[in-house]
1. Can you go through LEU109, LEU129, LEU171, LEU118 and tell me which one is away from the ligand (no atom under 14 Å from the Cβ), at negative phi and out of contact with any His (no Cβ under 8 Å at 6 or more places or on another chain)?
2. Collect the residues in region 431-447 that are assigned to a helix (DSSP H, G or I) and under 28 Å from VAL81 (Cα atoms), keeping them in residue-number order.
3. List the residue pairs whose Cβ atoms are under 6 Å apart, where the first residue sits in region 94-117 and is among the acidic types (Asp, Glu), the second is at pLDDT 95 or above and not in a helix (DSSP H, G or I), and the two are 6 or more positions apart or on different chains.
4. Is there any pair with a first residue in region 243-259 that is closer than 22 Å to LEU273 by Cα and outside the structural domain of LEU272 (by TED's automatic domain parsing) and a second that is buried (at least 24 other Cβ atoms within 10 Å of the Cβ) and among the hydroxyl-bearing types (Ser, Thr, Tyr) whose Cβ atoms are under 7 Å apart and which are 6 or more apart or on different chains, and what are they?
5. Looking at region 276-315, which of the residues that are surrounded by fewer than 17 Cβ atoms within 10 Å (Cβ to Cβ) and among the acidic types (Asp, Glu) is farthest from SER461 (Cα to Cα)?
6. Out of everything in region 152-171 that is assigned to a helix (DSSP H, G or I) and in contact with a Lys or Arg (Cβ under 8 Å, 6 or more places away or on another chain), what residue ends up being surrounded by the fewest Cβ atoms within 10 Å (Cβ to Cβ)?
7. Tell me whether region 448-460 contains one or more residues that are under 30 Å from ALA252 (Cα atoms), in the same structural domain as ALA308 (by TED's automatic domain parsing), in a helix (DSSP H, G or I) and out of contact with any strand residue (DSSP E or B) (no Cβ under 9 Å at 6 or more places or on another chain).
8. What number of residues within region 142-182 are at pLDDT 95 or above, of a type in the set (S, T, N, Q) and more than 15 Å from VAL105 (Cβ to Cβ)?
Amino acid sequence: MSGRGRPRRVLVATLFQESGSFAPGRAGRRAFASAGILVGEALRRDRLPGTRELAAAWDRLTAAGIEVVPALFAWAPPGPVVEHATWEDLAGEIVRRADRTIDGVYLQLHGSMLTDRLDDPDGELIRRLRGALRERVPVAVSFDHHATITRAIAEGASIVTAYRTCPHVDLERTGRQAGELLAAAVAGRIDPVVGVARLAMTAPPDRHDNAFPPFAEIMDACDAAERRPGVLAATMHPSQPWVDVPDLGWSATVTADGDRALAEAEARRIALLAWERRAAFLSGERHPVEEALEIALRGPAPFVLADAGDATNGGSTGGSTVLLRAALPRRDRRILLTVTDPEAAARLRSLPLGTMTRIPIGAGAPGAFDAPVEVEGVVLAHPDGGFTYSHPFSRGLPGELGPAAVLGIGAIRVVVHTHPVGLIDPEAYRGAGLDPAEAEVLQAKSHISYRAGFAPVSERSVVAATPGPTTADLASLPWRRRPRPLWPFEEPATPWREAPAG
Ligand SMILES: [Zn+2]
């Protein structure tokens, strides 16, 4: 135990990215650098960008008289699998600050990050920390709702919290809960242990919305569990549906005070609610892209069209040309969309504004979701491409289109840009100098999250069942490593990934 008189010391870190296995490419250091990487003493409470979990946890720890030992802030937007060397560098900054003087650890992790060598880097990070810390030092983790909880995570963490909302708007609540429980554990007032229940199921994300049943009922069950004596925190994780790893699947976790059997029993109770209602998670309303565009054009404007297959917040590249192709016959309509295509962006930036040009847009192979399509349009702008997200999940964080151009095809406006960006709010359009309120149709790139981000401009939307790395048609994806049996691909004999422990 730590000596009397000195303040307890808690190491804090954010290492956050959501990976999509089916997205081409690798996320390197640049992906994390866009939000600013802060290491050691450079990480200060007053320098944290946005309203994030780490800030809320930090405040609870400080309020409890605990000395915060800053290790790392590294947050990347969702994207492809992370380059392993980048992860080693970043994780190393956390692990090398963990030693036997540390009395607790708070981590803000996504839970569905992958590297090109590890299926579960978050579990590996916790394992390495355990190797450096004194025994039984509490480790609190706040996860995204879409975490993929492995046994390594459940066994390594002492406290697990997660967002209870989707779209995710309760980041502060999640961080605060982790910080409060960690402060109590460090003071010896509680002895937190984590129980997990892992289901043999997955589902597309369009029914993860906590505003509607069945997810509303499951989240209510987490609230109810937390009111039971001995239960400290309860979460339900519907997983990131596009991670092709042996641990893919839904899970519930419960943190209980010294009673792992209670934690596991409560976790199983919450998880079973999801299993029993699983058919409802396949009933999302989606339309073929032509039909979705017709619905959106009927208005009233502006109307949001969610391009589900190219959800950059699920790790896709933002390079889809599916909506562009559908829009071309309607060039008299004010349709706003974006395409990640660095080469086309560079070519358009080499042309003077006002130039009429014929150019292929789309960086992918013929037949792919990002296949090139030949268009004729006018180069209208060369934006520098910086903007700030307004979505509650990423508010205050910088977005970066990179070198970009606005191409006018009749009344259609295509933002052709270099780096993938989130399209869960309309700020990328504003960053390109376009006014989303003036559009008839605004492309979003997500399944659900866009509803919170686009709401200030329009609450009218339709989801297009487009192909791509984040398609809702999970069976169409080239799975190699997912577990089997896994509902809805197979019919498992039991709901559970493994026999209950104990
Ligand atoms: Zn999420």
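The values are calculated or read from the model by the stated rules, or taken from the named source; none is laboratory data. All values reported here derive from a predicted model rather than from experimental measurement. Note that each Cβ is placed from the backbone with ideal geometry, even for glycine, and that neighbours are counted across all protein chains shown.
1. Going through LEU109, LEU129, LEU171, LEU118 in turn, the sole match is LEU129.
2. Step one: list which residues in region 431-447 are assigned to a helix (DSSP H, G or I), which gives 431, 436-438.
GLY431 - this is the single residue of region 431-447 that is assigned to a helix (DSSP H, G or I) and under 28 Å from VAL81 (Cα atoms).
3. Listed by first residue and then by second, the contacts come to ASP103/ARG8; ASP103/ARG9; ASP116/VAL81.
4. Close Cβ pairs satisfying both conditions: none exist.
5. Only one residue fits best here, namely GLU276.
6. ALA152
7. Yes; the residues of region 448-460 include at least one that is under 30 Å from ALA252 (Cα atoms), in the same structural domain as ALA308 (by TED's automatic domain parsing), in a helix (DSSP H, G or I) and out of contact with any strand residue (DSSP E or B) (no Cβ under 9 Å at 6 or more places or on another chain).
8. Matching residues across region 142-182 total 4.
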